[in-house]
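Worksheet: one structure, shown below.
The values are calculated or read from the model by the stated rules, or taken from the named source; none is laboratory data. Note that the coordinates shown come from a computational prediction; the quantities given were computed from them, not determined experimentally. We place every Cβ from the backbone using ideal geometry, glycine too, and count neighbours over all the protein chains shown.
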Amino acid sequence: MLPMVEQIDERYEQKPARMLVDGDFATLADIEAVQTQHGIDVYAPVRNAATEQAKGNDPYRPKRNDTPGVATWRVHMGTEEAKAIYKRRASTAEWVNARVRNNGLQQLLVRGLKKVRATALLHALTSNLMPTMLLRARRAAA
């Protein structure tokens, strides 16, 4: 997550105010660094929240060994506002992944970085061009 923030800052000369991050992508160390060093609000699910709640524990209460940034993140993710913001992530990010999988990119059948990049680029172009083609077809039919 930290290299991504640095890359965004380098490319656009500004940092985002908040980041919505997949649960498998966010480590506690990254959350701490991004929140404290860069001042970015991180929205990522608290791991094992459902299990902790089933045990009667509050997963959003800071843990004894949490750093200040992680403790702030954990409490913030317990708010309804943070849950609502993170929930919107699925409607923007996950459908792109599903569309790419439905177009056949489930497992790469090529080897080597050049071929993998070319395959990913072709799928990205397809994902971007298909909606445009559908809109043109609808306009022509109307």
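Looking at the range 26-65, which of its residues are assigned to a loop (DSSP other than H, G, I, E, B) and either in contact (Cβ under 8 Å) with a residue 24 or more places away in the chain or of a type in the set (Lys, Arg) (or both)? Full working, then the answer.
Initial filter on the range 26-65 (assigned to a loop (DSSP other than H, G, I, E, B)): 26-27, 39-40, 44-48, 55-65.
Listed by number, the residues that qualify are 26, 27, 39, 40, 44, 45, 46, 47, 55, 61, 63, 64.
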* Is there a residue in the range 9-16 that is assigned by TED's automatic domain parsing to the domain that holds residue 73 and closer than 13 Å to residue 73 by Cα? -> no
* Criterion violated by residue 70 - all others in (1) at positive phi; (2) assigned by TED's automatic domain parsing to the domain that holds residue 40 satisfied -> (1)
* Taking the range 66-112, which residues are of a type in the set (Val, Ile, Thr), surrounded by fewer than 16 Cβ atoms within 10 Å (Cβ to Cβ) and assigned to a loop (DSSP other than H, G, I, E, B)? -> 79, 110
* Tally the residues that are loosely packed, with under 13 Cβ neighbours inside 10 Å and in contact with a Leu (Cβ under 9 Å, 6 or more places away or on another chain), restricting the search to the range 8-39. => 1
* Structure fact -> Inside the range 24-76, the number of residues satisfying the requirement of being touching a strand residue (DSSP E or B) at 6+ places or on another chain (Cβ under 6 Å) and farther than 30 Å from residue 14 by Cβ is 0
